[in-house]
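To start, the structure itself, in structure tokens.
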Amino acid sequence: MQKPLQITFKGTQNSPALEALIRQRVDAVERLHPRITGCRVVVEIPYRGADSAKVPVGVTVEVDIPAHKTIVGKDAQQRHEVKDDRTASVHNAFDAVERQLARIAEMQDQPVNRTEKAPHRGMVIRLFPEQNYGFVESDNSPELYFTRNAVIGGSFDDLEIGMVVHVTRAVDEGPMGPQAHSVKLLDKAKTPE
């Protein structure tokens, strides 16, 4: 980035852990779109209803790139929704920015890193063969949706519940939430019964 990252806490105390998470997410955004010139993040208590003791937590992420208006991602959640875990709002705001940057990069015909760098081991937990999709569980992420077309190194029809596979997570979410970019079958590997 040409300008230094700006992180501001408004109406709430500075959190070193939250600031570290924000810096990690900014690094990931820079890898997704290397032409970013500036980034500002505001963590705040945006408003408080007179009749409510629940204080919402809001996160706004603004990213500048050349020849485009400012990209903005926002999220605000009631504190009771996240049980004092402000990381959910940070992740949601950055996810929104990443989706917008991916669309811009596609329109500008720039290469975009669409998947995680390395596949992880996962286990097939649900299959819906008649609808051509399933779900795989990996220890480093929530369960991931995948379609018949995402299966490599074998056939979707070879999959069985409990089968161990290599999973590469996609950057964008699918119609069922987080999704796998690819699900690679291992040599008839199954979990121990």
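The values are calculated or read from the model by the stated rules, or taken from the named source; none is laboratory data. Predicted model, so just to flag it, every value in this text is computed and none were measured. Ligands, DNA and RNA are stripped out before the accessible areas are found, and what is left, the full protein with its side chains, is counted by its heavy atoms. Shrake-Rupley method; radii C 1.70, N 1.55, O 1.52, S 1.80 Å.
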(request) Give me the percent of the accessible area of the range 135-186 that comes from carbon and sulfur atoms, probe 1.4 Å, all protein chains in place. (result) 47
(request) Express the carbon and sulfur contribution to the solvent-accessible surface of the range 1-47 as a percent, rounded to the nearest whole number, probe 1.4 angstrom. (result) 48
(message) Please compute the per residue accessible area over the range 137-178 with all protein chains in place, 1.4 Å probe, rounded to a whole number of Å².
(response) 50
(message) If each residue of separation counts as 0.36 nm, what is the full-extension length gain between THR12 and THR70 once their alpha-carbon separation is subtracted?
(response) 18.4 nm
